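Below is one structure, written out as structure tokens, with a few remarks after it.
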Amino acid sequence: MIITKNSIISGKHEKPILTDVFYNQDHGQKPVVIFCHGYKGFKDWGPWDLMAEAFANAGFFFIKFNFSYNGGTVEQPIDFPDLEAFGNNNYIKELDDLESVIDWISNHTKYQPEINTGNISLIGHSRAGGIVTIKAEEDNRIKKVISLAGVCDFGKRTFTIGNLEEWKRDGVKYVLNGRTKQQMPHFYQFYENFVANEERLTIKRAVSNLKIPYLIIHGDADTSVLIDEAYNLNNWNSNSLLEIIESANHVFGGSHPWSKDNLPKALKEALIISIQFLNN
């Protein structure tokens, strides 16, 4: 298996996008799968490398990356050494980053013998479930999309970060990262950027307009994004496929760091469902 970690892509917002690729080199053109991490996430979180290997072994060219403002750096792509960047992240930057990754792989001469650029699919975990769905609806290069424990409403999550008057007055709101114990800043630009782009960022609009195969995977023990959100996504698109994984939490049994050599049971089940969907 060919694994290339931490390739640098130039993004549209001054910060680089770190990218990993996983594939088996056989000079056959493979479908491309691009995975997007969620809120307070990163490409090297927990068992994501094992997930990437599973997709590569199933015959896919698999890409995962760090959003440029996720709080990581080129020198330290794991965790959140750059909280200033984290606070300046927003949904539009993440959509632009994803577009940059799609453009990068579509035009990458080195990988051309190994990839089928006419068959690109997106997978988004948690918050990125909304990002990939919006991008899939507006970019005809995307042929299939998977929401993995994905959210259904950016507006609801944006407005519940805190008291709007206090947020505007102070310019920042903080959310505790339970694992790293960092106070994660959200600058008021996050709210302003959402309001300025609300129609584009309405997940219900994107889901309702999707014309490509759409898979929704959710655990019924998810306490971070309740399963009701998966039901909403499913109801908004009559051609969507909903798969509920029994007893699965928001990260499908994963944790960080992940020292085991095998995937957690629920995540393995999610990947089997995903691979079957992508192969159909």
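Bear in mind these aren't lab numbers, they're just calculated from the coordinates by the rules spelled out. All figures in this text were calculated on a predicted structure; none of them were measured in a lab. Note: ideal-geometry Cβ built from the backbone for every residue, glycine included; neighbour counts use all protein chains shown.
Using Cα pairs under 8 angstrom and six or more residues apart, how large is the relative contact order of segment 1-145, in percent?
28 percent
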Notebook entry, point to check: For the chain, what does -39500 (n - 2.57) per DSSP helix run (n ≥ 4), summed and divided by total residues, give at 222 nm, in deg cm²/dmol to the nearest 500?
Noted result: -10000 deg cm²/dmol
Next item on the list: Using only alpha carbons, build the gyration tensor for segment 85-188 and give me the equivalent ellipsoid semi-axes, biggest first, whole Å.
Entry: 33, 15, 13
Next item on the list: Of the listed pairs Lys143/Lys168; Lys64/Lys260; Lys5/Lys93, which have alpha-carbon separations greater than 31 Å here?
Entry: Lys143/Lys168
Notebook entry, point to check: What are the lysines whose alpha-carbon lies under 18 Å from the alpha-carbon of Lys204, with same-chain residues fewer than 8 places away excluded?
Noted result: Lys135, Lys144, Lys156
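Per-residue counts of other Cβ atoms within 10 Å, averaged by peptide: what ranking do you get for 177-187, 16-26, 229-239, highest first?
Highest to lowest by the protection proxy: 16-26, 229-239, 177-187.
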Next item on the list: Just grab the label-to-label distance for Leu164 and His108, each label 7 Å out from Cα along the Cβ direction, in nm (one decimal).
Entry: 4.2 nm
Check: Among all helices in the chain defined by DSSP H, which have a length of 15 Å or more along the axis from Cα atoms plus a Kyte-Doolittle mean of at least -1.0?
Finding: 91-106, 127-138, 265-279
Check: What is the sum of charges around Asn232, taking Lys and Arg as +1, Asp and Glu as -1, for the other residues whose C-beta is under 9 Å from the C-beta of Asn232?
Finding: -2
Check: Kirkwood hydrodynamic radius of segment 1-119 from all distinct Cα pairs, in Å?
Finding: 14.4 Å
Item checked: Efficiency of FRET from Cβ geometry, Ser208 and Lys5, R₀ 41 Å, rounded to 0.05 -> 0.65
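For segment 40-125, which GluC sites (Glu not before Pro) are both in a DSSP coil and crowded by at most 14 other Cβ atoms within 10 Å?
Within segment 40-125, the qualifying GluC sites (Glu not before Pro) (loop, at most 14 other Cβ atoms within 10 Å) are Glu75.
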Item checked: Sequence-separation-based contact order of the chain, relative, with Cα cut under 8 Å and 6+ spacing, percent -> 17 percent
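Determine the shape class of segment 143-188: with a ≥ b ≥ c the square roots of the Cα gyration tensor eigenvalues, call it rounded for a/c under 1.5, and otherwise prolate if a/b is greater than b/c, oblate otherwise.
oblate
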Notebook entry, point to check: Given N residues in segment 1-44, what is Rg(Cα) / (2.2 N^0.38 Å)?
Noted result: 1.37
Next item on the list: Could you tell me which of Ile273, Asn119, Trp48 has its Cα farthest along the dipole of the chain towards the positive end, charges placed at Cβ (Lys, Arg +1; Asp, Glu -1), taken about the Cα centre?
Entry: Asn119
